[in-house]
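The values are calculated or read from the model by the stated rules, or taken from the named source; none is laboratory data. Quantities reported herein were computed from a predicted structural model and do not represent experimental measurements. Here the Cβ positions follow ideal geometry from the backbone for every residue, glycine too, while neighbour counts run over all protein chains shown.
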Amino acid sequence: MSTDFLDFKIFAPVDAINLLQQCFGNNEKKLLIISKKSEEDVKLWDLLQKILGAVKHDLKNDTTHLVLHENQQFCLTDLFKQKTIKKIICFGIAPKTAGLNFNITPYKAFEFENRTYLFVHDLQSISEKPALKKQLWNELKRMFLKIP
């Protein structure tokens, strides 16, 4: 019997209850921010707060911020059963990491099942490259401020 089909890594996704323990924020505006644990840095989080502030959101009060560990897989739809989420911004997180089978264009928000998704580079890359900041800002204006 050939076992060639087993030549890939298997990651067990984290269940939603345990995932909630990695979240913080009051979720008042139903916005989910997903970033990497490796980016837990005061300067990067200040940047994230400024980004959100520009679209009238506060990281602590208005969002649920999920911080993922290295190589952590999870099922975003399971999280939706625990938290009401309307918009999702993923910083440096691929859709498949969240259990989603989307073919996306970075920096282009899209809607799926009454939720708006946006996938962008990690915060470190955005902080270092003005062109990425500009792309992010332009899409956030469309997403939150309804500016074309």
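Gln49 falls short on exactly one of the conditions (1) of a type outside the set (Asp, Glu); (2) closer than 14 Å to Ser127 by Cα; (3) crowded, with 16+ Cβ neighbours inside 10 Å, and that condition is (3). Taken together, Lys56, Lys60 contain a single residue that is part of a loop (DSSP other than H, G, I, E, B), out of contact with any Ser or Thr (no Cβ under 6 Å at 6 or more places or on another chain), basic (Lys, Arg) and surrounded by fewer than 18 Cβ atoms within 10 Å (Cβ to Cβ), which is Lys56.
Checked against the criterion of being within 13 Å of Ile33 (Cα to Cα) and of a type outside the set (Phe, Trp, Tyr), the candidates Leu68, Leu145 yield just one match: Leu68. Restricting attention to segment 29-49 and to residues that are at pLDDT below 95 and of a type in the set (Lys, Arg), the residue that is farthest from Glu70 (Cα to Cα) turns out to be Lys43. Filtering segment 101-120 to residues that are of a type outside the set (Gly, Ala, Ser) and buried (at least 18 other Cβ atoms within 10 Å of the Cβ) leaves Tyr117, Leu118, Phe119, Val120. Restricting attention to segment 73-89, does a residue exist that is among the charged types (D, E, K, R), free of Cβ contacts under 8 Å to residues at least 40 places away in the same chain and either touching a strand residue (DSSP E or B) at 6+ places or on another chain (Cβ under 8 Å) or not in a loop (DSSP other than H, G, I, E, B) (or both)? No: zero hits.
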